[in-house]
Amino acid sequence: MVKVEFLGPIGVSAMELEVKNLAELKEILSQNSQISKWLELCAVALNDEIVSDINQELKNGDKICILPPVCGG
């Protein structure tokens, strides 16, 4: 089971899901209309490190953060 957190304005509570890689996670999250609109815009952090490989394997206890773009000064 992995924990998925949604930061900033996404406005969705954390979830715990049974997934084997980021591709499977994306498939599950894209079914939620509130989350799907953010998926192409956001960065993804696995255990506090940015990752971009959609085939990145996940293991029990991993923490995923969905990070929306930010701006400011």
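The values are calculated or read from the model by the stated rules, or taken from the named source; none is laboratory data. Remember, it's a predicted structure, so these values are computed and weren't measured experimentally. Positions of Cβ are generated from backbone atoms using ideal geometry, with glycine treated the same way; all protein chains shown enter the neighbour counts. All accessible areas refer to the heavy atoms of the entire protein, side chains included, with ligands and DNA or RNA removed. Shrake-Rupley method; radii C 1.70, N 1.55, O 1.52, S 1.80 Å.
Identification of strands (runs of 3 or more DSSP E) wholly contained in the chain with 2 or more residues that are open to solvent by less than 60 Å² (accessible area, probe 1.4 Å) yields 2-6, 15-17, 43-46, 63-67. Applying a threshold of 8 Å to beta carbon distances and a minimum spacing of six or more residues, or different chains, the list of pairs starting in the stretch 1-20 at a residue that is of a type in the set (Lys, Arg) and ending at one that is in a loop (DSSP other than H, G, I, E, B) reads 3/14; 3/62; 20/58.
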